[in-house]
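Quick notes on the structure that follows.
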């Protein structure tokens with residue numbers, strides 16, 4: 001089936017630290033992969049996406065590379081800011097239907 | 001000019017009541033969804049409609065009934081509310097099917113059943 005596994009949070013970092021949030025997915029088919037971000041009290045916003053192997057999605061300083069060989073899509077940012085504090089969701093396109101399967105979310109807290 | 005809107009934002013009600021949540025998208029998308037987010041932030045799809053046709057119906061109690069009067073609207077009606085229905089419900093929309101389509105989410109409706 002379709003599943004996504006993310007590292008558990010919360011992840012607490014100081015401002016300007018390097019961020020990595022790990023994400024792996026089940027290798028059913030060749031799904032498109034996404035990272036969504038949820039700020040407190042808001043809905044989910046698409047952060048970045050990748051549609052095929054070796055694609056790199058990037059936005060607002062965040063990056064993730066679609067790694068077919070390791071079935072991973074880790075999120076990275078070189079220097080986090082307090083405003084990056086949010087919950088981050090990794091997701092994959094389901095096989096055979098129009099839906100997304102989400103990981104459990106990782107809360108990021110950035111301290112000044 | 002909100003892309004995906006939901007009403008109400010907050011809904012507090014008692015067990016046994018019937019309630020509805022409305023969703024509208026002005027993006028011209030052909031597919032709409034309902035997701036449920038529990039207290040641990042876990043997000044799971046409930047329903048999906050494509051051009052007003054139900055295409056995904058997950059293992060959801062039949063107390064939940066989605067209705068899509070047109071492509072821009074997808075409402076969720078819940079009968080006989082239970083404590084376990086307390087959650088945040090998100091509406092989303094997308095255009096097209098597979099291949100990197102992205103879903104646009106509404107702000108969510110926080111349902112509290114007492």
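A few points about this structure:
- Among beta bridges identified by DSSP and lying wholly in chain A, the antiparallel ones come to about 90 percent.
- For the range A:1-71, averaging the sequence separation of C-alpha pairs within contact (under 8 Å, six or more residues apart) and dividing by the residue count gives a relative contact order of 23 percent.
- Relative contact order, percent, chain B [alpha-carbon distance under 8 Å, six or more residues apart]: 37 percent
- Residue order, fewest to most beta carbons within 10 Å, for B:4, B:113: B:113, B:4
- Euclidean distance between Cα centres, the range B:44-72 to the range A:1-76, Å: 27 Å
- Protection proxy ranking of B:85-96, B:16-27, by the mean of other Cβ atoms within 10 Å over each peptide's residues and highest first, is B:85-96, B:16-27.
- Estimated FRET transfer efficiency (residue B:13, residue B:39; beta-carbon r; R0 25 Å; 0.05): 0.90
- For the protein assembly as shown, the C-alpha radius of gyration sits at 1.02 times the compact-globule guess of 2.2 N^0.38 Å, with N the residue count.
- Normalised per residue, the volume of the convex hull around the Cα set of chain B (Å³): 98 Å³
- Gyration tensor verdict on the range A:39-112 (Cα atoms; rounded if a/c is under 1.5, prolate if a/b is larger than b/c, oblate otherwise): oblate
Bear in mind that the values in this text are calculations on the coordinates, not laboratory data. Treat the numbers as computed from the prediction; the structure is a model and nothing was measured. Don't worry about glycine lacking a Cβ; one is built from the backbone with ideal geometry, like all the others, and counts go over all protein chains shown.
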